[in-house]
Amino acid sequence: MWFLLFLFLLAVPAKAQDSTPSAQLFNQYQSDYLYQYNLYGQAYADYSDKKQIFAKYGTVTTQNDAFLAAVTAINARSRVFESYLMALRVILDNYRDANPVQTAADQAQLSSWESWFSDQITVVSAITNTHDLQIWIKTFQGKYNQ
């Protein structure tokens, strides 16, 4: 549901074509966000299916399939967050004149979060068991609340 809010925030009304470098970059990042969001939806659907299969059969194979699908979905979600934050950071260039110091600070913080989400892809990919994944999930929840 909150992704719909993000999508709404990124949607811009049809206007005359803006050809500034910032607008072009934003359009590229917005497209990337929408693409990553679509991939996340597919990965999450796959995870849900495999989780239900594991719940039904409870075998080691279905457990492993569900675990690998969870890792894939988590990484896809991290890419969605990263691409959203990139688009948000770039669109803030349009407001730099209004408050350059705060805008630069906000962009630096967004860039830091982009890096964190990018790093999480490597971290999550290295996780090999459910216990470690649960620990990472608690870390993520703490960061996400920020």
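Could you go through the range 39-49 and let me know if any residue there is modelled with pLDDT under 95 and either surrounded by 15 or more Cβ atoms within 10 Å (Cβ to Cβ) or under 22 Å from residue 112 (Cβ atoms) (or both).
Going residue by residue through the range 39-49, those that are modelled with pLDDT under 95 are none.
Checked the range 39-49: no residue is modelled with pLDDT under 95 and either surrounded by 15 or more Cβ atoms within 10 Å (Cβ to Cβ) or under 22 Å from residue 112 (Cβ atoms) (or both).
Would it be correct to say that residue 62 is under 20 Å from residue 139 (Cβ atoms), at pLDDT 95 or above, touching a helix residue (DSSP H, G or I) at 6+ places or on another chain (Cβ under 7 Å) and crowded, with 17+ Cβ neighbours inside 10 Å?
Values: under 20 Å from residue 139 (Cβ atoms): no; at pLDDT 95 or above: yes; touching a helix residue (DSSP H, G or I) at 6+ places or on another chain (Cβ under 7 Å): yes; crowded, with 17+ Cβ neighbours inside 10 Å: yes.
No, not satisfied.
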Scope the range 124-133; condition assigned to a helix (DSSP H, G or I), without any contact (Cβ under 8 Å) to a residue 60 or more places away in the chain and under 20 Å from residue 40 (Cα atoms); matching residues = 124, 125, 126
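Out of 137, 121, 91, report the one residue that is surrounded by 12 or more Cβ atoms within 10 Å (Cβ to Cβ), within 18 Å of the chain's Cα centre (by Cα) and free of Cβ contacts under 8 Å to residues at least 12 places away in the same chain. Talk me through it step by step, then tell me what you get.
Numbers: 121 fails: free of Cβ contacts under 8 Å to residues at least 12 places away in the same chain; 91 fails: free of Cβ contacts under 8 Å to residues at least 12 places away in the same chain.
After applying the criteria, what remains is 137.
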Test residue 115 against the criterion of being among the hydroxyl-bearing types (Ser, Thr, Tyr) and without any contact (Cβ under 8 Å) to a residue 40 or more places away in the chain, and give yes or no.
-> yes
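Output the residue which, of all residues in the range 98-118 that are hydrophobic (A, V, I, L, M, F, W, C) and either over 16 Å from residue 83 (Cα atoms) or under 16 Å from the mean Cα position of the chain (by Cα) (or both), is modelled with the lowest pLDDT.
Here is the first cut: in the range 98-118, the residues hydrophobic (A, V, I, L, M, F, W, C) are 98, 101, 104-105, 108, 110, 113, 116-117.
Adding the requirement that they be either over 16 Å from residue 83 (Cα atoms) or under 16 Å from the mean Cα position of the chain (by Cα) (or both) leaves 98, 101, 104-105, 110, 113, 116-117.
Values: 98: 92, 101: 96, 104: 96, 105: 96, 110: 96, 113: 96, 116: 96, 117: 96.
Filtering first and then ranking leaves 98.
Which ones in the range 59-106 are in a helix (DSSP H, G or I) and among the small types (Gly, Ala, Ser)? Steps first, please.
Let us first name the residues in the range 59-106 that are in a helix (DSSP H, G or I), namely 60-95, 100-106.
66, 69, 70, 73, 76, 78, 83, 87, 104, 105, listed by residue number.
The values are calculated or read from the model by the stated rules, or taken from the named source; none is laboratory data. Just so it is clear, the model here is predicted, and its values are computed rather than measured. In this analysis, Cβ positions are derived from the backbone assuming ideal geometry, glycine residues included, and neighbour counts consider all displayed protein chains.
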